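A.B. asks: Take this structure first; my questions come after.
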Amino acid sequence: MDRQTRKTQTSSVADLGSHIERRILIVDDSEINRDLLECLFHNDYSLDLAVSGEECLKKLPVFCPDLVLLDIILPGIDGYETCRRIKSCPMGDFTQVIIISSKSSPAERLEGYEAGAEDYIVKPFEHDELMAKVRSRFKLRDSLANLWAANARIQEFNSDLEELVVKRTSEIIDTRDVAVFALANSRDPETGEHLERIRDYSQILAEHLGRSGPYARQIDRQFLEDLYRSSPLHDIGKVGIPDAILQKPGSLTKEEYEIMTSHAVIGAEALKEAAGRSDSGGFLNMAIDIARYHHEHFNGCGYPDGLVGSDIPLSARIVALPDVYDALTSGRVYKEAFSPEIAKAMIVEQRGAQFDPVVVDAFLKRYDDFLAIGSSSGKTLSPVTVQG
């Protein structure tokens, strides 16, 4: 297939599908590489090409790509600097970057992620893997778009007639909750019941902590409602992690572990992008904290930022325990399920180390409720209606 034919087909796709705005900018100084990427994606996406970082930055505000496929070795500024400039421009928060490079060392890959890239693929690459990763990036974008639309409908509600307030609010919140749950479950290898249990366990702990103790003043009705809607999004960043790592039955290599742990930052950045489309942010602000910090440890040995104690947001400290408890009591490709009693003992052992001691104490007091939720998966609780 010659270049003109591909460009004609690309133009047709853009004309027919411009309403879905699936735009990819390919940046590579090698004509062979550009032709290959064009051939892979011209049927499904609107494409444009650039041969340097400078040309890429000039086309950015004109073409408005959703995704940039970026080489590192370029004439002029290199791919790392190009990525940093993409992310620093006004539309950078809404432009995803996948670096495709022959540079393959862990340090070089890390530099790509630190520059702001959402993913890093080493040449030579499997065509199917790259296409799958591109599809997953657009799947995440489409899910976030649904979330933005749901939040926009909530904001528009303010102009509705007063007598419709209660009815419309209920309808919109229901729509938003469905969108949130669909987004959370769009890539998670576990089931929807796993997300429901995380949500219910977290509600039980937060409701108990809100009664008395050091966190009672921080946990009000709004906190409980936001936690109910944001806790299922704790692992949304796994959308950026390859299946080969997520579902690997054996131990992860050091490099694979580094990629896996990046899901906390990926999820937080994706949710930050969604919150940026909303004037109020709402529950998404809590969701950002949970996604980024639910793997932090109370003693500072967690990731991604090594926060200690109360520096970790309370919402993340709460969700961290249910996330581990459900992982321990559920079967995975790499392990069998532990009994609830063994899981409880393991959590108690980490009191003050991985987990906030106050949250662990609340867990012990509500342990029977955890057992009830675990034995009746599918029966979910409503926000602010958990009974002690």
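Read the figures in this text as sums done on the coordinates, not as results from a lab. Note that this is a predicted model, so its numbers are computed, not measured. Counting neighbours? That spans all protein chains shown, and the Cβs are built from the backbone with ideal geometry, glycine included.
A.B. asks: With each label point set 7 Å from Cα along the Cα-Cβ vector, what nm distance links LYS123 and CYS301?
C.D. replies: My value for the distance between the label points is 4.3 nm.
A.B. asks: Once you list every other residue whose beta carbon is under 9 Å from the beta carbon of HIS294, what net charge do they have if Lys and Arg are +1 and Asp and Glu are -1?
C.D. replies: On the way: positive: ARG292, ARG317; negative: ASP235, ASP289, GLU296, ASP323.
Neighbour charge sum, excluding HIS294 itself: -2.
A.B. asks: Still on this structure, I have one more. Report the paramagnetic label zone for GLU255: residues of region 76-117 whose backbone N is under 11 Å from a point 7 Å from Cα along the Cα-to-Cβ axis.
C.D. replies: Under 11 Å, as judged by backbone N against the label point of GLU255, lie 103-110 of region 76-117.
A.B. asks: Would you pull out the residues with amide H under 5 Å of ARG332's amide H, same chain only if 5 or more places away, H placed 1.01 Å from N?
C.D. replies: Amide H neighbours of ARG332: ALA337.
A.B. asks: Any chance you could run the full-extension gain for ALA107 through ASP44? It's 0.36 nm times the residue separation minus the Cα-Cα distance, nm to one decimal.
C.D. replies: Values: separation 63, 0.36 × 63 = 22.68 nm, distance 3.34 nm.
Stretched out fully, the ALA107 to ASP44 stretch lengthens by 19.3 nm.
A.B. asks: Would you mind checking which residues have amide H under 5 Å from HIS42's amide H? H placed 1.01 Å from N; only 5 or more apart, or other chain.
C.D. replies: Amide H to amide H, under 5 Å and 5 or more residues apart or across chains, HIS42 pairs with nothing.
A.B. asks: Another question, if that's okay. Along region 216-231, what does the Karplus equation 6.51 cos²θ - 1.76 cosθ + 1.60 (θ = phi - 60°) give for ³J(HN,Hα), rounded to whole Hz, x for Gly and Pro?
C.D. replies: Using θ = phi - 60°, the values come out as 4, 6, 7, 10, 10, 4, 5, 4, 5, 5, 5, 5, 4, 8, 9, 4 Hz.
A.B. asks: Explain nothing, just compute: Karplus ³J(HN,Hα) = 6.51 cos²θ - 1.76 cosθ + 1.60, θ = phi - 60°, for every residue of region 103-114 in order, whole Hz, x for Gly and Pro.
C.D. replies: 6, 10, 6, x, 5, 5, 5, 4, 4, x, 5, 5
A.B. asks: Next question, about the same structure. Quick one: ARG317, ARG351, ARG332, fewest Cβ neighbours within 10 Å first, how do they rank? It would help to have the intermediate numbers written out before the result.
C.D. replies: Details: ARG317 26, ARG351 17, ARG332 13.
Result, fewest neighbours first: ARG332, ARG351, ARG317.
A.B. asks: I've got another one for you. VAL97's amide H: which non-local residues (gap 5+, or another chain) put their own amide H closer than 5 Å, with H modeled 1.01 Å from N in plane and none for Pro or chain starts?
C.D. replies: Amide H to amide H, under 5 Å and 5 or more residues apart or across chains, VAL97 pairs with VAL68, GLU118, ASP119.
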